[in-house]
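The values are calculated or read from the model by the stated rules, or taken from the named source; none is laboratory data. Because the structure is a prediction, the values reported are computed rather than measured. As a convention, Cβ positions derive from the backbone with ideal geometry for all residues, glycine included, and neighbour counts pool all protein chains shown.
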């Protein structure tokens, strides 16, 4: 038996540890190259980790909830196992060393390479059964694959649990390789809550089937009425780890190290609201599957503002003790945005946003937000941001107190866009308005420059056609 240690790989951007969210294999299972063995939550995202070896799982090191350091032994795998799960060890060591490795049927130079740390390959979607002999194999071939793995990411599994949807009943899903998506779960929940269909005609009624036993109801906690937001229950204790641990560290560092100040302006977004609808309709007429939103227009306006006032797209570098350090004005704008997910706050960023058109920013915004919420986003999309825009108005908030995403020097928030009384040319009327609020690092940017930035971005939002004039 040749046992190889699979060590937890660096899942991106130099992360040092990860928490086990779920195991997808068990000790004794025979697995394929690149088959997902576990979901690991890092400080940035939940990552599906595939195996770099094919063989039989000898040992799983750690339980769900445990924290593992990068480079520590993660799984031990016996690679001297053939495709049927039969050990190919010989009596002597030389024969064992020469035992054939499981093959994909390709030539040696065409064998698939490990995809460690970035999701499973198409070859690794199923789990092989253990070898039980010809008779047992024949019985299994005739029987349905009841223990076939259910492919769904952790946030989707949690949504299914919250909505009372049995994932096994809707597998395979509509996603790649049969992965169950949020839409699959939501559709199943909607079907469950839909009214019963009309009774069929008498000629169509089959013989009544034996009634199925009612499913056992979930145990009810004493005194429990309903679950709280995202299934939370008063009195429970939640460990701080993974993404939440990273949030704690970033927020504490921001408040401790950055002398932040803020300024705001209330703006008329009526034209921007209408322009977003017109551009979305125009894009669809041209066959583009993209939705331009008022928030994506704000993001594009922020990019133009950062080009004019670059101290907000900067870093304080070399600040230690009595050394004041330097202000580095960054050439590239990697525009982050706050995304509310089942795992907590994430801040994906649009790389090189200064090179993107409004339509491109809108498409990238939708893509990154969707991947952040369904758990498929990678660490690379969550690091390297240079400035953040926060749409807390999406939760119905008129205003907020944005906290700088350390080590960034600025964050722009926008509140709810509502119809409110507004004075136009001396006359009181009703307009759709919102509040822009900028928090900034006062070490890098003075109040005058910050105020001018907010005014400039606000003017662009009030007259959004000017945004289209910029390449």
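Give region 354-376 a look and list any residue that's surrounded by fewer than 21 Cβ atoms within 10 Å (Cβ to Cβ), more than 23 Å from residue 330 (Cβ to Cβ) and over 8 Å from the mean Cα position of the chain (by Cα), or say none.
Scanning region 354-376 gives 359, 363, 366, 367.
Check whether at least one residue in region 409-421 is modelled with pLDDT under 95, buried (at least 22 other Cβ atoms within 10 Å of the Cβ) and under 24 Å from the mean Cα position of the chain (by Cα), and report yes or no. Outline the logic, then answer.
Within region 409-421, the first condition is being modelled with pLDDT under 95, and the residues that meet it are none.
Checked region 409-421: no residue is modelled with pLDDT under 95, buried (at least 22 other Cβ atoms within 10 Å of the Cβ) and under 24 Å from the mean Cα position of the chain (by Cα).
When residues of region 296-350 are filtered for being without any contact (Cβ under 8 Å) to a residue 60 or more places away in the chain, under 28 Å from the mean Cα position of the chain (by Cα) and surrounded by fewer than 18 Cβ atoms within 10 Å (Cβ to Cβ), how many remain?
The number of residues fulfilling the criteria is 4.
Is there a residue being in a strand (DSSP E or B) and surrounded by 15 or more Cβ atoms within 10 Å (Cβ to Cβ) anywhere in region 389-406? Walk me through how you get there before you give the answer.
So the first thing to find is which residues in region 389-406 are in a strand (DSSP E or B), and the list is 389-390.
Checking which are surrounded by 15 or more Cβ atoms within 10 Å (Cβ to Cβ) leaves us with 389-390.
Checked region 389-406: at least one residue is in a strand (DSSP E or B) and surrounded by 15 or more Cβ atoms within 10 Å (Cβ to Cβ).
In region 318-359, what residues are at pLDDT 95 or above, farther than 20 Å from residue 393 by Cα and in contact with a strand residue (DSSP E or B) (Cβ under 8 Å, 6 or more places away or on another chain)?
326, 327, 328, 329, 330, 333, 334, 350, 353, 356
So which strands (runs of 3 or more DSSP E) stay within region 1-77 end to end and still have 1 or more residues that are within 21 Å of residue 244 (Cα to Cα) and more than 20 Å from the chain's Cα centre (by Cα)? Give the steps one after another, and end with the answer.
Working: elements: 3-7, 17-23, 36-41, 46-50, 55-60, 67-69.
Per the criteria, 67-69.
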